[in-house]
Amino acid sequence: MKHGAFVFTSNVDGQFQKAGFDARCIVECHGTIHRLQCVEACTDETWPADDFTPIVNETTCLLENEMPRCPHCNGLARPNILMFGDWQWVEKHADRQERRLATWLESVDRLVVVEMGAGRALPTVRRFSERHGPRVIRINPREYAIPKAVGLGISAGASEALQLLDNVLGGNA
Ligand SMILES: [Zn+2]
């Protein structure tokens, strides 16, 4: 497509980047395990977790090496992931991603949103889709209902539905 695509995900595992999606075209609305932040949020900076390799005792499930540290206050560092009731989550990285998305959205006419596996339990992604109708394709084996004015729902798993759409559309769109 002329304007490419953008990923909006609540996944925190970096699998879209690993699968080859351009990191500049991904919003990780719940953060990422591949960045660290200060536990006390002494700064709004986050930094790559590349230098920290956890060594976990498989029997005790305990970390065996040193915990990562905040380079600013030397307190503990933690993954830059939004937890439940988490008031210390640093949003700066996700905010930067959201600003890039906003700029990209301004360049797009007739946006199509393909939503996959976004359940109602944590509706951040569903709400995002619904704000960007009326061309939302909701793919979900159980919670596929969507208002007609917003889009259409397909009751299927993501891989199966994408394969079927690809077959129908010839796969060279
Ligand atoms: Zn700190």
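Each value in this text was obtained by applying a stated rule to the coordinates, not by laboratory testing. None of these values were measured; they are calculated from a predicted model. In this analysis, Cβ positions are derived from the backbone assuming ideal geometry, glycine residues included, and neighbour counts consider all displayed protein chains.
Points to keep in mind about this one:
- ³J(HN,Hα) computed for each position of segment 140-157 - Karplus, 6.51 cos²θ - 1.76 cosθ + 1.60, integer Hz, glycine/proline x: 7, x, 10, 9, 9, 4, 7, x, 4, 5, 9, x, 9, x, 10, 8, 6, x
- Residues whose amide H comes within less than 5 Å of that of Val7, counting only those at least five positions distant or on another chain, are Ile26, Val27 (H built at 1.01 Å from N in the peptide plane).
- Only helices enter the 222 nm calculation for the chain: every DSSP H run of n ≥ 4 contributes -39,500 (n - 2.57), and dividing by all residues gives -6500 deg cm²/dmol, rounded to 500.
- For segment 1-109, with +1 on Lys and Arg beta carbons and -1 on Asp and Glu, the positive-most of Ala94, Cys70, Trp47 along the dipole: Ala94
- The chain: most fluctuating residue of His132, His93, His72 per GNM, C-alpha cutoff 10 Å: His72
- The dipole here belongs to the chain: it is taken about the Cα centre, uses +1 on the Cβ of Lys and Arg and -1 on the Cβ of Asp and Glu, and is about 840 debye.
- The spread of Cα positions in the chain, taken along each principal axis and listed from longest to shortest, comes to 53, 40, 32 Å.
- Sequentially through segment 123-132, phi angles give Karplus couplings (6.51, -1.76, 1.60; θ = phi - 60°) of x, 3, 6, 4, 5, 4, 4, 5, 6, 10 Hz, Gly and Pro residues having no value and appearing as x.
- Listed by chain and number, the aspartates and glutamates whose alpha-carbon sits under 19 Å from that of Lys2, ignoring those within fewer than 8 places in the same chain, are Asp22, Glu106, Asp109, Asp166.
- Hydrodynamic radius (Kirkwood) for segment 110-173, which is based on Cα pairs only, to one decimal in Å: 11.9
- With θ taken as phi - 60° and the Karplus curve 6.51 cos²θ - 1.76 cosθ + 1.60 applied, the whole-hertz 3J(HN,Hα) list for segment 31-46 is x, 9, 6, 8, 10, 10, 8, 6, 4, 8, 6, 5, 9, 8, 7, 10 Hz, x standing for glycine and proline.
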